[in-house]
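Below is one structure; the comments refer to it alone.
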Amino acid sequence: MKGLLLKDFYVTLKRCKFYLIVSAFFIAASFFLDNWFSDGYMFMMLPVVIFAVLPINLLAFDEKSAWTKYSRTLPYSKAQIVSAKYIFGFTFQVVMALVVLLALAIRAKTIGGFDELSQSAQVLCGVFILSLIVPAVGLPLCFKFGTEKGRVFFMALVFGLALAFSFSIDEFKRDLRSNGCIFVMIAIVAAFYVGSWIISIAVYNQRETIK
């Protein structure tokens, strides 16, 4: 499993630099466009959503380079190959969320504009949880049908979530203040993510057997 995660890490550094550049741009933009799109929230939170598609793109690179066929000769089970995508994608989203949290703290300390840092962190937590829906929906479809067929759907889903968030930030913040709301979100999305993980393993097993 460690080898699979390292492989994805190296591929990310080599093939997904654009993600890092775009994320840095949006974080920087939030410092200067604080009067647009709900006090800059869209720009600050969007990197977390962008990295939600990372495991899907990594799977696309695997298919394009024929690594999925080569992996059959390696001492990894099908469950491990699938699990690596879920674990790596989740880990990278956590890292990006921590980077955004640091940027929130710097912004609140220097120029203000956002609400109290604790409330901003709550919003970030909510965005992180909701962004997990993207790989949870996309990965089973990719393992079943391949990544090319689902690419348009994934992009529409990501930017649809970002756009909906930018126009509903006030309602979203009010919901997060309600007692237990964040815990209900965590429970539902966590169950959905784990369920997607199990389905992907079953689907990939079946797909490999057919081939």
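Key figures for this structure:
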| quantity | calculated |
| --- | --- |
| In the stretch 69-79, residue most open to solvent (accessible area, probe 1.4 Å) [restricted to those that are touching a residue at least 12 places away in the same chain (Cβ under 8 Å) and part of a helix (DSSP H, G or I)] | Arg72 |
| Qualifying positions in the stretch 91-114 - open to solvent by less than 80 Å² (accessible area, probe 1.4 Å) and not aliphatic (A, V, I, L, M) | Thr91, Phe92, Gln93, Arg107, Gly112, Gly113, Phe114 |
| Pair list, Cβ < 7 Å and 6+ apart or interchain, from the stretch 1-19 residues that are acidic (Asp, Glu) to residues that are crowded, with 17+ Cβ neighbours inside 10 Å and part of a helix (DSSP H, G or I) | Asp8/Leu58; Asp8/Ala84; Asp8/Phe88 |
| Only listed residue being open to solvent by 50 Å² or more (accessible area, probe 1.4 Å) and modelled with pLDDT of 85 or more, chosen from Phe61, Phe9, Phe32 | Phe9 |
| Conditions (1) modelled with pLDDT under 75; (2) surrounded by 16 or more Cβ atoms within 10 Å (Cβ to Cβ); number of the one not met by Phe167 | (2) |
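The values are calculated or read from the model by the stated rules, or taken from the named source; none is laboratory data. None of the values given here were measured: they were computed from a predicted structure. Because the Cβ atoms are built from the backbone with ideal geometry, glycine has one as well, and the counts that use them run over all protein chains shown. Ligands, DNA and RNA are stripped out before the accessible areas are found, and what is left, the full protein with its side chains, is counted by its heavy atoms. Shrake-Rupley method; radii C 1.70, N 1.55, O 1.52, S 1.80 Å.
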